[in-house]
Amino acid sequence: PSPVEVYLQKHEVTATGGDVPAPFMTFEDTGFPPEILREIHVAGFTSPTPIQAQTWPIALQNRDIVAIAKTGSGKTLGYLIPAFVHLKRRRNNPQNGPTVLVLAPTRELATQIQDEALKFGRASRVSCTCLYGGAPKVHQLKELERGADIVVATPGRLNDILEMKRIDFRQVSLLVLDEADRMLDMGFEPQIRKIVNEIPPQRQTLMYTATWPKEVRKIAGDLLRNPVQVNIGNVDQ
Ligand code: ADP
Ligand code: MG
C-alpha cells in the first residue's frame, strides 16, 4: 500500500464523492500562505489532524463537504483555515457584509470559534464578529456595522437580525454549519433554512456533524451541492 493508503487506514479516514484529492499529511503539503503557517507553528501544532488532512485539499477546490467526526478532532481549524484562504482570494470589503458565515448551536461554541478565528487569522488580518442570543442586540449590531469578514452566529439571533434587515448577505460565498446535528436537536432547522434562503446560491457549503441520523442527511441533501463525504472513525448511522 502507498503512504496515503497507510495514512487513511491508520486514521480511519474515508472520503466518498468522486475524484477525492490525497490528504495533506503534513503542514508543508498544504501550501497555505506563510502567515497562516506561522500561526500554526506558534501554536505548537506538529501535523494536521486527520479531519484537517482530508478536508483541507477538498475545501481548497471550492467543493462542498459533509464531515462526520467526533468532538476534539480539530474541526474548527478544519474550516477556518480554508476560510482564510477563501477571504484572501475574494478580497471583499467587510464593510459591505461578511464573506464567510459560520452557524453554531450555542453562544459558548460561537465565541470559541471567534477566538480561534482571531488567533489564527491575526497575521492574515481577518476580522470576525459574533452574534448570539441571551445578550442585548445593540452591542452586537454596532460590531456588525464596523464590518467583519467572518460572522459566527447562532441561528436564532442571526435570523432576528436578518428579519430586522441589519445584515447584508450579498457577499457571503462560504457557509459553514458547525455541529449541524446539535443545531437540529435544538430546533433551529426553520431558522437555518430561512437564513440559507437569503444566501446567494453560488456558494461553498461545509457541514460538520458528530452523528449522521436521517434528519441531518436530509438537510445535507437540501443545502449541499455534490458534497464529498468525509468520515473519521466509525460513525453510528
Ligand atoms: P472539534 O471542533 O472537532 O471538537 P476543535 O476544533 O475544538 O475540535 O479542536 C480541539 C483542540 O485541538 C483545540 O484546542 C485545537 O486548538 C486543537 N487543534 C486543532 N488542530 C490541531 C492540530 N493540527 N494539532 C494539534 N492540536 C490541534
Ligand atoms: Mg467543534
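Read-outs: derived from the displayed coordinates by stated rules, not from any lab. What you are looking at is a predicted structure, and each value in this text was computed from that prediction instead of being measured. No Cβ is skipped: glycine too gets one built from the backbone with ideal geometry, and neighbour counts run over all protein chains shown.
Suppose we filter the stretch 202-236 for residues that are within 16 Å of ligand 2 (Cβ to nearest atom), within 14 Å of the chain's Cα centre (by Cα) and not hydrophobic (A, V, I, L, M, F, W, C); how many remain?
Result for the stretch 202-236: 2.
Looking at the stretch 49-60, can you tell me whether even one residue there is surrounded by fewer than 24 Cβ atoms within 10 Å (Cβ to Cβ) and assigned to a loop (DSSP other than H, G, I, E, B)?
Within the stretch 49-60, one or more residues are surrounded by fewer than 24 Cβ atoms within 10 Å (Cβ to Cβ) and assigned to a loop (DSSP other than H, G, I, E, B).
Being over 17 Å from residue 121 (Cβ atoms), surrounded by 14 or more Cβ atoms within 10 Å (Cβ to Cβ) and among the β-branched types (Val, Ile, Thr) is true for just one of 40, 68. Which residue is that?
Numbers: 40 fails: over 17 Å from residue 121 (Cβ atoms).
When all the criteria are applied, what remains is 68.
Condition check ((1) in contact with a Pro (Cβ under 6 Å, 6 or more places away or on another chain); (2) within 15 Å of residue 208 (Cα to Cα); (3) aliphatic (A, V, I, L, M); (4) more than 14 Å from ligand 1 (Cβ to nearest atom)) across all residues:
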site	(1), (2), (3), (4)
8	no, no, yes, yes
25	no, no, yes, no
41	no, no, no, no
51	no, yes, yes, no
83	no, yes, yes, no
87	no, no, yes, yes
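Determine whether residue 230 is within 16 Å of ligand 1 (Cβ to nearest atom), touching a residue at least 12 places away in the same chain (Cβ under 8 Å), within 19 Å of residue 59 (Cα to Cα) and not small (Gly, Ala, Ser). So that I can check it myself, show each step before the final result.
Details: within 16 Å of ligand 1 (Cβ to nearest atom): yes; touching a residue at least 12 places away in the same chain (Cβ under 8 Å): yes; within 19 Å of residue 59 (Cα to Cα): yes; not small (Gly, Ala, Ser): yes.
When the stated conditions are applied, residue 230 passes them.
Yes/no matrix, rows are residues, columns are (1) over 20 Å from residue 65 (Cβ atoms); (2) in contact with a strand residue (DSSP E or B) (Cβ under 8 Å, 6 or more places away or on another chain); (3) in contact (Cβ under 8 Å) with a residue 12 or more places away in the chain:
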site	(1), (2), (3)
161	yes, yes, yes
186	yes, no, yes
200	no, no, yes
210	no, yes, yes
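Every residue in the stretch 163-177 that is in contact (Cβ under 8 Å) with a residue 40 or more places away in the chain, over 16 Å from residue 189 (Cα atoms) and in contact with a helix residue (DSSP H, G or I) (Cβ under 8 Å, 6 or more places away or on another chain), please. Write out each step before concluding.
Applying the first criterion (in contact (Cβ under 8 Å) with a residue 40 or more places away in the chain) to the stretch 163-177 yields 167-177.
Retained after the next criterion (residues that are over 16 Å from residue 189 (Cα atoms)): 167-174.
167, 168, 169, 170, 171, 173, 174 - these are the residues of the stretch 163-177 that are in contact (Cβ under 8 Å) with a residue 40 or more places away in the chain, over 16 Å from residue 189 (Cα atoms) and in contact with a helix residue (DSSP H, G or I) (Cβ under 8 Å, 6 or more places away or on another chain).
Filter the stretch 68-95 down to residues that are assigned to a loop (DSSP other than H, G, I, E, B) and at negative phi and give me whichever is farthest from the chain's Cα centre (by Cα). Let's see the steps before the verdict.
So in the stretch 68-95, the residues assigned to a loop (DSSP other than H, G, I, E, B) come out as 69-74, 91-93.
If we keep only those that are at negative phi as well, we get 69-71, 73, 92-93.
Working: 69: 14, 70: 15, 71: 14, 73: 14, 92: 18, 93: 20 Å.
Ranking the candidates gives 93 first.
Out of the stretch 21-37, which residues are touching a residue at least 40 places away in the same chain (Cβ under 8 Å), within 22 Å of residue 63 (Cα to Cα) and surrounded by fewer than 18 Cβ atoms within 10 Å (Cβ to Cβ)?
21, 33
Can you give me the ranges of the helices (runs of 4 or more DSSP H) entirely in the stretch 109-201 with at least 2 residues that are surrounded by 19 or more Cβ atoms within 10 Å (Cβ to Cβ) and within 16 Å of ligand 2 (Cβ to nearest atom)? Step through it out loud before you land on a result.
Details: elements: 137-146, 155-163, 180-185, 189-197.
Helices (runs of 4 or more DSSP H) meeting the threshold: 180-185.
For residue 98, indicate whether it is surrounded by 16 or more Cβ atoms within 10 Å (Cβ to Cβ), in contact (Cβ under 8 Å) with a residue 40 or more places away in the chain and part of a helix (DSSP H, G or I). If you could, list the steps in order and put the result at the bottom.
Working: surrounded by 16 or more Cβ atoms within 10 Å (Cβ to Cβ): yes; in contact (Cβ under 8 Å) with a residue 40 or more places away in the chain: yes; part of a helix (DSSP H, G or I): no.
Taking the combined requirement at face value, the residue does not satisfy it.
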